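Engineer: Here it is, the structure in full.
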There are 2 protein chains.
Amino acid sequence: MAARQRVVIIGGGFAGLSAARALGGGPFDVTLIDRRNFHLFQPLLYQVATGGLSPANISAPLRAIVKKQQNVNVLLAEVQHIDVAQQRVVLHEESVPYDVLIVATGSSHHYFGHPEWERWAPSLKTIEDATDIRRRVLLAFEAAEREPDVARRTAWLTFVIVGGGPTGIELAGAVAELARWTLQGNFRQFDPATARIILVEGASRVLPTYAPVLSDKAARALKQLKVEIHIDSMVTAIGETSVSVRKQDSELAIATRTVLWAAGVAASPLGKIVATATGANLDRVGRVIVEPDLTVPDHPGIFVIGDLAHIAGRDGQPLPGLAPVAMQQGHYVAQLLHRRATGRKTRPFRYFDRGTMATIGRAKAVADIRGFRFSGLLAWLSWLFIHLLFIIQFQSRVLILLQWAWNYTTRNAPARLITGREPFSYRQQEESATDTEGAPPA
Amino acid sequence: MAARQRVVIIGGGFAGLSAARALGGGPFDVTLIDRRNFHLFQPLLYQVATGGLSPANISAPLRAIVKKQQNVNVLLAEVQHIDVAQQRVVLHEESVPYDVLIVATGSSHHYFGHPEWERWAPSLKTIEDATDIRRRVLLAFEAAEREPDVARRTAWLTFVIVGGGPTGIELAGAVAELARWTLQGNFRQFDPATARIILVEGASRVLPTYAPVLSDKAARALKQLKVEIHIDSMVTAIGETSVSVRKQDSELAIATRTVLWAAGVAASPLGKIVATATGANLDRVGRVIVEPDLTVPDHPGIFVIGDLAHIAGRDGQPLPGLAPVAMQQGHYVAQLLHRRATGRKTRPFRYFDRGTMATIGRAKAVADIRGFRFSGLLAWLSWLFIHLLFIIQFQSRVLILLQWAWNYTTRNAPARLITGREPFSYRQQEESATDTEGAPPA
C-alpha cells in the first residue's frame, strides 16, 4: 500500500472539480482551493445575464458537491504564490503543503491591449458579471422610457456585442429575444422590439472555429431575430456613448449605451505564477504550455489543466477552452495519479471530441457532433439535453428544465431584476462600471 | 363621464401595487414610481437570506405585472419632495403632476438610537440585505473551518438574532436548520450542528403581539431546533466580536461574529416629506397619522397607505405593518377613487383580519385565524398555502413549491452562494458592512 499523497487543486471549475471528484477513494488527501464557495456552470451564464435563470440555478456549493468524499477538504482562499522548493501553496495568511499540485484557474476575457474598454464593455465570466450585465441591459430600457430625445433614446436601445463566438451569439440571441418578445408591452414611450442588436466579429463569419455550414445557419438564425451582423469588423474605440468599428476600409460609428464584450481570451494570473515558480513557458494569451501528460516541464508533480493549459490537439492547434476539454483533463489527471500510485504505466492525454454546439435564442441551435452537422429544433433539443446532463446537481436540472419550459411557452424571463444598488440615477450606472469584477476564478 | 384623473403612486410594495392594479380600467392615468424595477414578496425574504430561495423566486418585475393595464405607467425613480401647491411629485431631474397622490413607501428597521449597530447587525428589508446576510452567515462557517483557536471558532459559530417577532423567529429557525441539517458533512474541522443560535427578545415572550398560546408553541418549536431564547432581554452593545445583553439585572456578554437585526420599525423617510408638505402629524416611529379614509388631514387628494400609515384598528391600537393590511388599504383607496369618480358615497377603511401566522423551520408554524389558534404541520401547510396564494406570479408559485418540495425532502438549501465580492479575506467581510443598504423601498 502506497503512502497517502497530498494533492492540492487550485480552482473549482470544470477541470479542478472533475479531478477532485475522481480522486475520491484513492490514497490521496485532497485540498480544493477556490476564491468562491460554489462551482459555476459557465455555459449558461448568459441566461443569467439576460434574466432567464437565477444565479443559484447554475451554481452548486463546492462543499455540498464533495461532502461525501471524506478525503476532500475545501478551502475558500486566494493563492498568492507557489513555493516549488518547499512544495507549498502560499495563501494570504497560511500555506498548504502538497505532493501533487493541480492548477485549474481558467481564463477570462482580454481587451486586445485596451483594458480601459472594460469600463464600457463588461465581459461575462462571473455571477457578478452576469448580474451587472443584466442590470445594464435592463437599465438601458428604463433610460429609454425616460428619454424624450429620439437620437438619445435610439442610443439607449442599441446593444453592441463584440465577438461572434459561442458566447457572443448566445448573448446576442438572448438580448434579441428579450427585446422582441419578453419586454413586449412593458413600456409606454417606445416599442422594445425596435431595439437594435449588433454583433461585431473580426473574422469573416460568426462561429469562426465551427464548420462553415454551421456559421451560415447561425447567421441566418440571428438575422431572423433581426440581429445585425458585422463580419470582418474590428472595434477600434469604445466610449460612454459610442463604439467605433473598422470594416474593411470604412470606419463605422455606432451610437450606443450598452456594449457587451465576448471576445479575446486571457489566461488566469496563476499562469504567470506557475511560470515564475517552475520556469514553464506561457503562450501568447498567458496559458501554460504543458507536456502531453499535462505536467509542467521538469515538474512531474505539477499539473496545469483546463482553460489555463496550452496543449495541442490532433490537428496541432491548441485545444479550445471548452468545458468538455476541462472535464476530460481533470478526469485524466486523477486517473494518472491513481495509476502512478499503483505503479502502472501512464499514457498521454487525448481529447475525445464529442462535438460542439451553440444556441441562438428560442428553439434554435447549431451542432457539430463528430462531423454530423445539424441545426434547428433537433440541435436545440440536443443542446438542452447535453447541458442538463452536465449540470452537477439533480435539483438544478429539474428546476432549470421547468424554468425553461415556462420561459419557452410564455417567452418570459422572470429573473430580470435590477439589483446591486439603487438604480434611480443613470449616472451611478456608469460609475458602477469601475467595480466590475473581471477577475477569473481562484 | 368624469374627466380622467392623474393618480401618482409612490412605492410598488403590497400597498402601492394593490392600488395600481385595482385602478385599472377606471378613468385614471396612473404613474407608479419605485426605486426598484420589481415588486418584492417580503414575507419570504428570510428564505433568500438563508439560501433556500433565489431573489428572482420572490420578485416580479413591476412592468410585467401591470403591462396589460394600459393606463398604468411605471417610473423607475426616487422622490425628492412633494410640491403640494403645484400638485407635483419632484424627482431628480423632472417632476410628475398629480390630481391624486398615494404614498406607500413602507418601513425599515430602526436601531433604538444606535445607528452604528447596523454595521455589525444588518437587518432584512431588501434583496441586497438578504444576499448580504446570506454571505455573512455562510462566511462565518467558512471562517470557523479555518480557525484553529477554539474560542474564536465558537464565536464564528454563534449567531445572535435580535428581535422575537415573526421575522426574528423565522430567521432563527432557518439559520438553525441550516446548521443542524443542511450543512451536515460540509466541513472537516467542526460539526456545523454545534453552532449556537441565540434569539434575544425584549418582551416576556416571543411573538409578543400574538396570542400567548402561540408564543408558547413557537418557543417550543425553536427549542426543538436548539435555539437559545432570551426573553426580557435588551441588547445594550454590539461590536465586531460580541453582543452585550441585559437580562433583568444581569449583563450577559456573548462572543459572536454574526448578529442579525429583526427588531424595531422605522417609517420610510417619505413620511417626513409628507409631513413637511402637508402639515400632517407623525407618530413615534415616523408613520403618518391618517384619517379614517386614509387621507392626510385637510388633503383629500393625498393618501398614505401600508406600513407608512398610522391608523387605529378596532382595538384602538395602530394596525400592524403586515402585507394583508397593506393590500386591503391599496384596494380600499382604489375603490374609494372609483366611487368618488362616479359620485358615490365613501366609507372609512376597515381592516378585515384574516389571521396571523409565523413559521419556524421545516413543517412547523403557528397560526391564529380569527381566534382559531393552531400549530404544527397543519399551521405550516396553511402558511405555505396562503403564501403561495399571494405570490403574484403563477410561475413563481410553481417554482417555489417545487423548490420547497425539494428543500423539504433533501433538507437542502441550494441557493447558498457567497456573492458580491471575492470572499477570500475575512477582513473585507467586515468592511462590507458599511455598504449595507438599510433604506426602505421607493
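Engineer: Based on the Cα gyration tensor of region B:188-287, what are the three equivalent ellipsoid semi-axes, each the root of five times an eigenvalue, rounded to whole Å and given largest first?
Structural biologist: Semi-axis lengths for region B:188-287 are 33, 19, 14 Å.
Engineer: Arrange B:247, A:345 by Cβ neighbour counts within 10 Å, fewest through most, would you?
Structural biologist: A:345, B:247
Engineer: Over chain A, what is the mean sequence separation of C-alpha contacts under 8 Å (at least six apart), divided by residue count, expressed as relative contact order in percent?
Structural biologist: Relative contact order, chain A: 22 percent.
Engineer: With each run of n ≥ 4 DSSP H residues scored as -39500 (n - 2.57), what mean residue ellipticity at 222 nm is computed for the protein assembly as shown after dividing by its residue count and rounding to the nearest 500 deg cm²/dmol?
Structural biologist: -9500 deg cm²/dmol
Engineer: Residue by residue through region B:179-190, which ³J(HN,Hα) values in whole Hz follow from phi under the Karplus form 6.51 cos²θ - 1.76 cosθ + 1.60 (θ = phi - 60°), with glycine and proline marked x?
Structural biologist: Using θ = phi - 60°, the values come out as 6, 6, 10, 4, 8, 3, x, 7, 10, 10, 9, 7 Hz.
Engineer: Pull up all non-local amide H partners of residue B:81: gap of 5 or more, or a different chain, and H-to-H distance under 5 Å with H placed in the peptide plane.
Structural biologist: Residues meeting the amide H criterion: B:90.
Engineer: Another question about this same structure. Would you mind checking which residues have amide H under 5 Å from residue B:266's amide H? H placed 1.01 Å from N; only 5 or more apart, or other chain.
Structural biologist: The answer is B:108, B:109, B:110.
Engineer: Length gain on complete extension for the stretch residue B:314 to residue B:272, per 0.36 nm per residue less the alpha carbon to alpha carbon distance?
Structural biologist: 12.5 nm
Engineer: Using just the Cα positions, wrap region A:154-220 in a convex hull and report its mean projected area in square nanometres, one decimal place.
Structural biologist: Projected area, direction-averaged: 4.8 nm².
Engineer: Turning to a different aspect of this structure: What residues qualify as long-range amide H neighbours of residue B:290, i.e. H under 5 Å apart, gap of 5 or more or another chain, H built at 1.01 Å from N?
Structural biologist: B:310
Engineer: For region B:245-395, calculate the relative contact order in percent as a whole number, restricting contacts to Cα pairs under 8 Å that are 6 or more residues apart.
Structural biologist: That works out to 11 percent.
Engineer: Exposure proxy check: A:333, B:96 ranked by fewest other beta carbons within 10 Å?
Structural biologist: B:96, A:333
Engineer: Sticking with this one: Does region B:75-133 come out rounded, prolate or oblate, given a ≥ b ≥ c as the square roots of the eigenvalues of its C-alpha gyration tensor, rounded meaning a/c under 1.5 and, failing that, prolate meaning a/b above b/c?
Structural biologist: Prolate, because a/c is 1.5 or more and a/b exceeds b/c.
Engineer: Which of rounded, prolate, oblate describes region A:1-120, given a ≥ b ≥ c as roots of the alpha-carbon gyration tensor eigenvalues and a/c under 1.5 marking rounded, otherwise prolate only if a/b is larger than b/c?
Structural biologist: Since a/c reaches 1.5 but b/c is at least a/b, the shape of region A:1-120 is classed as oblate.
Engineer: Counting other beta carbons within 10 Å of each Cβ, put B:340, A:21 in order, fewest first.
Structural biologist: Final ranking by Cβ density, sparse to dense: B:340, A:21.
Engineer: Under a plain spin-label model, where a point goes 7 Å from the Cα along Cα-to-Cβ, how far apart in nm are residue A:293 and residue B:281?
Structural biologist: 8.6
Engineer: Comparing B:16, B:371, B:165, which has the greatest mean-square fluctuation in the GNM of chain B with Cα pairs linked when under 10 Å apart?
Structural biologist: Top of the fluctuation ranking is B:371.
Engineer: Taking every eigenvalue of the Cα gyration tensor of region B:256-371, multiplying by 5 and rooting it, what semi-axes result, largest first, whole Å?
Structural biologist: 29, 21, 11
Engineer: Over region B:200-255, what relative contact order in percent results from Cα pairs under 8 Å that are six or more residues apart?
Structural biologist: This gives 29 percent for region B:200-255.
Engineer: Sticking with this one: Can you tell me which aspartates and glutamates have their Cα less than 14 Å from the Cα of residue B:217? Leave out same-chain residues fewer than eight positions away.
Structural biologist: Straight-distance partners of residue B:217: B:170, B:368.
Engineer: Within the set A:68/B:226; B:272/B:345; A:68/A:364; A:247/A:272; A:67/A:272, which residue pairs have Cα atoms separated by over 27 Å?
Structural biologist: In this structure, B:272/B:345; A:68/A:364; A:247/A:272; A:67/A:272 lie more than 27 Å apart at Cα.
Engineer: Stretched out fully, how many nm does the piece from residue A:346 to residue A:247 gain, at 0.36 nm a residue minus the Cα gap?
Structural biologist: 30.6 nm is the gain from fully extending residue A:346 to residue A:247.
Engineer: Based only on Cα atoms, what mean projected area does the convex hull of chain B have, in nm²?
Structural biologist: 21.6
Engineer: I've got another one for you. Pulled fully out, how much extra length does the chain show between residue B:191 and residue B:203, if you take 0.36 nm times their separation in residues and subtract their Cα-Cα distance?
Structural biologist: Taking 0.36 nm per residue and subtracting the Cα distance, the gain is 1.0 nm.
Engineer: Let me ask something else about it. If you find the alpha carbon centre of region A:206-249 and of region A:154-182, how far apart are they in angstrom?
Structural biologist: With region A:206-249 and region A:154-182 each reduced to a Cα centre, they are spaced 11 Å.
Engineer: What is the helix-to-structure angle for A:394-410, meaning the angle in degrees between its Cα long axis and the longest Cα principal axis of chain A, kept from 0 to 90 and rounded to the nearest 10?
Structural biologist: 10
Engineer: Looking only at other chains, what is the average number of their beta-carbon atoms within 10 angstrom of each beta-carbon in A:132-140?
Structural biologist: Taking the mean over all residues of the peptide, I get 1.
Engineer: Here is a further query. Distances from residue B:148 to the same position in the other copies: list them in nm, one decimal, shortest first, using label points 7 Å from Cα along Cα→Cβ.
Structural biologist: Inter-copy label distances (nm, one decimal, shortest first): 6.9.
Engineer: Quickly rank B:153-164, B:218-229, A:347-358 as a protection proxy: mean count of other C-beta atoms within 10 Å, highest first.
Structural biologist: Ranking, from highest mean packing down: B:153-164, B:218-229, A:347-358.
Engineer: Further, regarding this structure: Starting at the first residue of region A:55-69, write each ³J(HN,Hα) from the Karplus equation 6.51 cos²θ - 1.76 cosθ + 1.60 with θ = phi - 60°, in whole Hz, x for Gly and Pro.
Structural biologist: So the Karplus estimates, Gly and Pro as x, are x, 5, 4, 10, 10, 9, x, 4, 4, 5, 5, 9, 5, 7, 8 Hz.
Engineer: Give, in whole angstrom and from largest to smallest, the semi-axes √(5λ) of the equivalent ellipsoid of the protein assembly as shown, with λ running over the eigenvalues of the Cα gyration tensor.
Structural biologist: So the equivalent ellipsoid measures 47, 36, 22 Å along its semi-axes.
Engineer: Here is a follow-up. For chain B, set up a Gaussian network in which alpha carbons nearer than 10 Å are linked by springs, and say which option among B:94, B:145, B:240 fluctuates the most.
Structural biologist: Ranking B:94, B:145, B:240 by mean-square fluctuation puts B:94 first.
Engineer: Also: Take peptide A:77-89, look around each residue's Cβ out to 10 angstrom, count Cβ atoms belonging to other protein chains, and average those counts.
Structural biologist: 1
Engineer: How well do other chains shield peptide B:50-62, expressed as the mean number of their Cβ atoms within 10 Å of each residue Cβ?
Structural biologist: Whole-number average of other-chain Cβ neighbours for B:50-62 is 5.
Engineer: Something else: Could you go through region B:34-50 in sequence order and give the Karplus-derived ³J(HN,Hα) for each residue, using 6.51 cos²θ - 1.76 cosθ + 1.60 with θ = phi - 60°, rounded to whole Hz, and x for Gly and Pro?
Structural biologist: Values, residue by residue: 8, 6, 10, 8, 9, 8, 10, 8, 4, x, 9, 4, 5, 6, 6, 5, 10 Hz.
Engineer: Which residue fluctuates most in the GNM of chain B (Cα springs below 10 Å): B:186, B:37, B:71?
Structural biologist: Answer for the Gaussian network model of chain B: B:186.
Read-outs: derived from the displayed coordinates by stated rules, not from any lab. Values in this document were obtained by computation on a predicted structure and should not be read as measured data. Glycine gets a Cβ as well: all are built from the backbone with ideal geometry, and neighbour counts include every protein chain shown.
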